[in-house]
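The values are calculated or read from the model by the stated rules, or taken from the named source; none is laboratory data. All values derive from a computational prediction rather than experimental measurement. With ideal geometry, Cβ positions are generated from the backbone for all residues, glycine too; neighbour counts draw on all protein chains shown. In case anyone asks, the SASA skips ligands and DNA or RNA and just uses the protein heavy atoms, side chains included. Shrake-Rupley method; radii C 1.70, N 1.55, O 1.52, S 1.80 Å.
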Amino acid sequence: VQLQASGGGLVQAGGSLRLSCVASINIFSFNAMNWYRQAPGKQRELVAVITSRNSASYAGSVKGRFTISRDVAKNTLYLQLNSLKVEDTGVYYCNARGALTDSWGQGTLVTVSS
């Protein structure tokens, strides 16, 4: 399974971005799809999860500001980032998990300036 993430960039604090992650196969088969991020000098952390039943959950630091969604017809996972903060800066990775799958995208860099 290949995952291609995109949508990162430079944005001012308070701004918005939408990240996308296109899968090479039908995403309906995945048990869950996730977004992680890794800030400079820090460990990778889980940001948001969406299950095969479209149940979403978020890290406390992004809850109410980020929204995870997926479009099965387009084999695409999204992460809408609103009210961005400087501390949201990092490389964002998409991840797909199934019975025999644990695949990662290449990451897309989000930089939030003050």
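At a glance:
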| quantity | calculated |
| --- | --- |
| Segment Ala99-Gln43, extension gain: residue separation times 0.36 nm, minus the distance between their alpha carbons | 17.6 nm |
| Given charges at beta-carbon only (K, R positive; D, E negative), |dipole| of region 34-87 in Debye | 20 |
| Qualifying trypsin sites (Lys or Arg not before Pro) for region 35-114 [loop in DSSP, other Cβ within 10 Å: at most 16] | Lys42, Arg44, Arg53, Lys63, Arg65, Lys85 |
| Size of region 43-83 as Cα extents on the principal axes (Å, biggest first) | 30, 20, 19 |
| Region 19-71 - percent of accessible surface contributed by carbon and sulfur, probe 1.4 Å | 49 |
| Reciprocal of mean inverse Cα separation for region 3-63 (Kirkwood radius, Å) | 13.4 |
| Semi-axis lengths (Å, descending) of the ellipsoid that matches the C-alpha gyration tensor of the chain | 23, 13, 13 |
| Accessible surface, the chain, averaged per residue in Å² (probe 1.4 Å) | 53 |
